Amino acid sequence: MSVPTNPKIEKETVKVVWKKSRQAKTIPLNDQMVKVYVWELPVRIFHWINALSIFILMITGVFIGRPFASASIQEEAYYSYLMGWARYIHFFTAFVFTINLAVRWYWVYKGNEHATSNPFRLSFWKEAWETVKYYLFLKNKKKHYIGHNPLAQLSYWIFIGLGSIIMILTGYYLLFEPQPESIYGKMFMWVAHLFGGDSFSVRSWHHLVAWGFMVFTVVHVYMAFREDYLQRNGTMSSIFTGYKIERKEEVLGENNGK
Amino acid sequence: MKRKTILETVLDRGFTRRDFLKMCTALAATMGLDFSETDKVVAAMEKSARVPVIWLQFQDCTGCSESFIRSTHPKVESVLLDMISLEYTEALSAASGHQIEEARKHVMKHYYGEYILVVEGSLPMDDAFLTVGGVSAKETFIETAKGAKAIIAYGSCSSWGGIPAAYPNPTKAKPITHFVKDKPIILVPGCPPIAEVMTGVIAHIITFGTLPELDHLGRPKAFYRHRIHDKCNRRAYFDAGLFAESFDDEGAKQGYCLYKVGCKGPTTYNSCAEMRWNGGVSYPIQSGNPCIGCSEKGFWDNGPFYVRRAKIPASQTTINPETVGAIAVGVTAAGVAAHAAITAVKKKEQENHDRGERK
Ligand code: HEM
Ligand code: HEM
Ligand code: SF4
Ligand code: SF4
């Protein structure tokens, strides 16, 4: 979708935004509508690397846990390296996944207002509750959100925030447990105590939480399509382009409310 | 009375010094020491006296005792007769009843702070399940532990709770570490532990007068630092992706990896793959049986033995993660579909409504 923009205005707003304020920059389209730069480039890159690596990690991970295919050359182990490759791809992707997440954490501090979330405010929980009612088709006072709504934020905290941390801790523990004497081994030894004490429990955590990601993905992708269908504001394309089309007063209203 | 040194005991029994040196070399190897450190063992054995040992059995199957007496290097005779003086054991003592209890009291008094306490089996929280001669297991253990120089937990029961602690754990069995915390305790888990590991640990204490180096869970590093999976003779088949699917298929005959028939080698720490059993003859995986993880905490509830599962955190229940995961995703997808349908209907209603208003 191409929207006519005014390059002069765009430049000015960029300058303003990059000074100190974390307000998302906006580009007026006409006297009613504005284009809001909701998801900055690092957020979009994070999103797709994250989604792709989770996809690869899940396939290779389930293969590691339950090898659903066997090497085609039988009898001698020498000629194949099927599980070996599955593990290598899993580990390599895991490193990408970890670095990607670290960059996103950095962006929580660096990015615009929509790149962060603060669940330590009462209003966050009140608004999340209104959003729950909204999704249950009940009467509600849910506002219109330009960024993530609080419920979506909560789901990212639980699945992407906490879930990723669990996967990373248990994953690196599993990776380094054969070398308990190495620096890396020592760095992750304590993880076992957090997840039941023995290797089997840690592995079980890793495997079960992996499925949590799949549940999240189903709901998340549905929500993205649904939002797009109901609001017609370019939610779907926003995760590719970064922009959403919003009413001017909504953007102003949201900013005034802060 | 001055106690005889280990060297003196060996010579008394008609062995030569050469035999003694051989014994020390074998011992050093078992303890995971470098060959060059053999002289340390020799020096220690020349000086130290036989160590009194009290061996208590609680909720156990005597399997650990059975394993112990099959040690081939050091030979169990040399451990039993030369290195330690086993003052109290239910399985091996000729004496019994009050007589043997006297012997235990005697050691506890005269060798206070010097004797080693060996424990086989877990302890019940409820005394009704294990009280001998009017004294509860807990009491016996705590009393005997008081004067012990160190405590060795032989087997998975005393180390982790073991089979008595298996679901639903009727006796509320606990490992010995639950009852005594102020003593050095070495865990030597396994169901049973390998004989040479058992004697190796005791030999280390006698030789050096200190505990062997322990890992983060309190197990001697020399024997528990490696994972079965990383030393397994079938590992090449694992990496290749060649798996036995059942116990009677072609893969099983070819010696493929036993992962898919439930092998717990990837989560098990023990010396089986290196030291092997029965004097180094073989070990379960080599003989075609998957590892059941017998030296791991909770192995009794991580079953079934021949199926790969995941454990529900903080429970004693295992599930097939793929089945449960697929069901969870399926239920979610169904919920999403229903939600989508309602959303579409509502939107249509709203649109009709809006159109009505505009007219
Ligand atoms: C969302 C991210 C991830 C998913 C969905 C995932 C999924 C899985 C699954 C399903 C397994 C099989 C577990 C079993 O054997 O029962 C596994 C194994 C494993 N994963 Fe991950 N994982 C993820 C992230 C990571 C990370 C960040 C690491 C860190 C290095 C990691 C390292 C490992 C290791 C070492 C194993 C065991 C491999 C083996 O023993 O051969 N994983 N993963
Ligand atoms: C077809 C696949 C997907 C589409 C179309 C999609 C779309 C979107 C959209 C539109 C948003 C912003 C919506 C909002 O929260 O208001 C978003 C955010 C997000 N999505 Fe996805 N998504 C997809 C797959 C995934 C997958 C597989 C994951 C990870 C399991 C994922 C994780 C996230 C996260 C963590 C955010 C928050 C982004 C941030 O603030 O950094 N997405 N996605
Ligand atoms: S048989 Fe067991 S321990 Fe050996 S490679 Fe296969 S899974 Fe690992
Ligand atoms: S191979 Fe596994 S189950 Fe068998 S004795 Fe060794 S640790 Fe126990």
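The values are calculated or read from the model by the stated rules, or taken from the named source; none is laboratory data. This structure is a prediction, so every number in the text was calculated from the model and none was measured. So basically every Cβ, Gly included, is an ideal-geometry build from the backbone, and we count neighbours across all protein chains shown. For the accessible areas, the whole protein counts, side chains as well, though only heavy atoms, and no ligand, DNA or RNA atoms are used. Shrake-Rupley method; radii C 1.70, N 1.55, O 1.52, S 1.80 Å.
Could you tell me whether the range B:298-309 includes any residue that is open to solvent by 30 Å² or more (accessible area, probe 1.4 Å), among the hydroxyl-bearing types (Ser, Thr, Tyr) and within 16 Å of ligand 3 (Cβ to nearest atom)? Scanning the range B:298-309, I find at least one residue that is open to solvent by 30 Å² or more (accessible area, probe 1.4 Å), among the hydroxyl-bearing types (Ser, Thr, Tyr) and within 16 Å of ligand 3 (Cβ to nearest atom), so the answer is yes.
Looking for something buried (at least 20 other Cβ atoms within 10 Å of the Cβ), farther than 26 Å from A:HIS47 by Cβ and either more than 7 Å from ligand 1 (Cβ to nearest atom) or more than 8 Å from chain B (Cβ to nearest Cβ) (or both) - is there at least one such residue anywhere in the range A:84-102? Checked the range A:84-102: no residue is buried (at least 20 other Cβ atoms within 10 Å of the Cβ), farther than 26 Å from A:HIS47 by Cβ and either more than 7 Å from ligand 1 (Cβ to nearest atom) or more than 8 Å from chain B (Cβ to nearest Cβ) (or both).
Only a single item in (1) among the hydrophobic types (A, V, I, L, M, F, W, C); (2) part of a strand (DSSP E or B); (3) within 8 Å of chain B (Cβ to nearest Cβ) is not met by A:ILE245, and it is number (3).
Just give me the residues in the range B:203-214 being under 26 Å from B:THR62 (Cα atoms) and in contact with a helix residue (DSSP H, G or I) (Cβ under 7 Å, 6 or more places away or on another chain), in sequence order.
Selection gives B:ALA203, B:ILE206, B:LEU211, B:PRO212, B:LEU214.
You will find that of B:GLY325, B:GLY335, B:GLY330, the residue that is surrounded by 19 or more Cβ atoms within 10 Å (Cβ to Cβ), more than 30 Å from B:PRO193 (Cα to Cα) and over 20 Å from the mean Cα position of the chain (by Cα) is B:GLY325 and no other. Taken over the range A:50-72, the criterion of being over 24 Å from A:SER164 (Cβ atoms) and more than 8 Å from chain B (Cβ to nearest Cβ) is satisfied by A:PHE68, A:SER72. If you go through the range B:310-322 and pick out every residue that is under 26 Å from the mean Cα position of the chain (by Cα) and surrounded by 15 or more Cβ atoms within 10 Å (Cβ to Cβ), you end up with 6.
Take the conditions away from ligand 3 (no atom under 16 Å from the Cβ), more than 30 Å from B:PHE223 (Cα to Cα) and among the β-branched types (Val, Ile, Thr) and apply them to A:VAL218. Does it pass? Can you show your working first?
Details: away from ligand 3 (no atom under 16 Å from the Cβ): yes; more than 30 Å from B:PHE223 (Cα to Cα): yes; among the β-branched types (Val, Ile, Thr): yes.
Against the criterion (away from ligand 3 (no atom under 16 Å from the Cβ), more than 30 Å from B:PHE223 (Cα to Cα) and among the β-branched types (Val, Ile, Thr)), A:VAL218 qualifies.
Among the criteria (1) under 26 Å from A:ILE54 (Cα atoms); (2) away from ligand 4 (no atom under 16 Å from the Cβ); (3) free of Cβ contacts under 8 Å to residues at least 24 places away in the same chain; (4) surrounded by 18 or more Cβ atoms within 10 Å (Cβ to Cβ), the one A:ALA115 does not fulfil is (3).
On inspection, A:LEU230 does not qualify as more than 9 Å from chain B (Cβ to nearest Cβ), more than 11 Å from ligand 2 (Cβ to nearest atom) and at pLDDT below 90.
Among the residues making up the range B:286-302, those that are within 16 Å of ligand 1 (Cβ to nearest atom) and closer than 13 Å to B:LYS260 by Cα are B:PRO290, B:CYS291. Considering only residues in the range A:118-155 that are in contact with a Lys or Arg (Cβ under 7 Å, 6 or more places away or on another chain) and β-branched (Val, Ile, Thr), the one that is nearest to the other protein chains (Cβ to nearest Cβ) turns out to be A:THR131.
Taking only the range A:52-99 into account, find how many residues are in a helix (DSSP H, G or I) and without any contact (Cβ under 8 Å) to a residue 24 or more places away in the chain.
We begin by selecting, within the range A:52-99, every residue in a helix (DSSP H, G or I); these are A:52-65, A:77-79, A:82-99.
Then drop every residue that is not without any contact (Cβ under 8 Å) to a residue 24 or more places away in the chain, which leaves A:52, A:55, A:59, A:63, A:77-79, A:82-85, A:88, A:92, A:95, A:99.
Counting residues in the range A:52-99 that are in a helix (DSSP H, G or I) and without any contact (Cβ under 8 Å) to a residue 24 or more places away in the chain gives 15.
Only one entry of B:ILE6, B:ILE54 meets the criterion of being in contact (Cβ under 8 Å) with a residue 60 or more places away in the chain and not assigned by TED's automatic domain parsing to the domain that holds B:VAL201, and that entry is B:ILE6. Among all residues of the range B:345-354, there is at least one that is over 13 Å from A:SER204 (Cα atoms), surrounded by 12 or more Cβ atoms within 10 Å (Cβ to Cβ) and out of contact with any strand residue (DSSP E or B) (no Cβ under 7 Å at 6 or more places or on another chain).
Residues that are more than 12 Å from ligand 1 (Cβ to nearest atom), open to solvent by less than 50 Å² (accessible area, probe 1.4 Å) and farther than 18 Å from A:SER238 by Cβ within the range A:152-169 comprise A:LEU154, A:GLY161, listed in sequence order.
Residue-wise test of (1) under 30 Å from B:ASN270 (Cα atoms); (2) not β-branched (Val, Ile, Thr).
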{"site": "B:SER67", "(1), (2)": "yes, yes"}
{"site": "B:HIS73", "(1), (2)": "yes, yes"}
{"site": "B:ALA95", "(1), (2)": "no, yes"}
{"site": "B:THR131", "(1), (2)": "no, no"}
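Of B:GLY97, B:GLY134, all but one fail to be out of contact with any strand residue (DSSP E or B) (no Cβ under 8 Å at 6 or more places or on another chain), small (Gly, Ala, Ser), farther than 26 Å from B:GLY209 by Cα and open to solvent by 50 Å² or more (accessible area, probe 1.4 Å); the exception is B:GLY134. Apart from one condition, A:MET187 fits all of (1) outside any helix (DSSP H, G or I); (2) of a type outside the set (Val, Ile, Thr); (3) more than 21 Å from B:GLY335 (Cα to Cα); the exception is (1).
Across the range B:219-250, what is the total count of residues that are surrounded by fewer than 22 Cβ atoms within 10 Å (Cβ to Cβ) and facing another protein chain (nearest Cβ under 10 Å)? Let's see the steps before the verdict.
Our first condition is that a residue be surrounded by fewer than 22 Cβ atoms within 10 Å (Cβ to Cβ); within the range B:219-250, this holds for B:221-222, B:225-227, B:230-231, B:233, B:235-236, B:239, B:245-250.
Next, only the ones that are facing another protein chain (nearest Cβ under 10 Å) stay: B:221, B:225-227, B:230-231, B:235-236, B:239, B:245, B:250.
Total satisfying the criteria: 11.
Taking the listed residues B:GLY279, B:GLY288, the one that is out of contact with any strand residue (DSSP E or B) (no Cβ under 9 Å at 6 or more places or on another chain), touching a residue at least 40 places away in the same chain (Cβ under 8 Å) and away from every other protein chain (no Cβ under 12 Å) is B:GLY288, with no other qualifying. Of all residues in the range B:202-220, those that are in contact (Cβ under 8 Å) with a residue 24 or more places away in the chain and away from ligand 4 (no atom under 16 Å from the Cβ) total 12.
Go through the range B:318-337 and give me each residue that's farther than 25 Å from A:ARG203 by Cβ and within 7 Å of another protein chain (Cβ to nearest Cβ). Once the filter is applied, which keeps residues that are farther than 25 Å from A:ARG203 by Cβ and within 7 Å of another protein chain (Cβ to nearest Cβ), the range B:318-337 yields B:ALA333, B:VAL336. Under the condition of being free of Cβ contacts under 8 Å to residues at least 12 places away in the same chain, more than 8 Å from ligand 1 (Cβ to nearest atom) and either open to solvent by less than 50 Å² (accessible area, probe 1.4 Å) or over 25 Å from B:LYS231 (Cα atoms) (or both), the residues counted in the range A:190-210 number 6.
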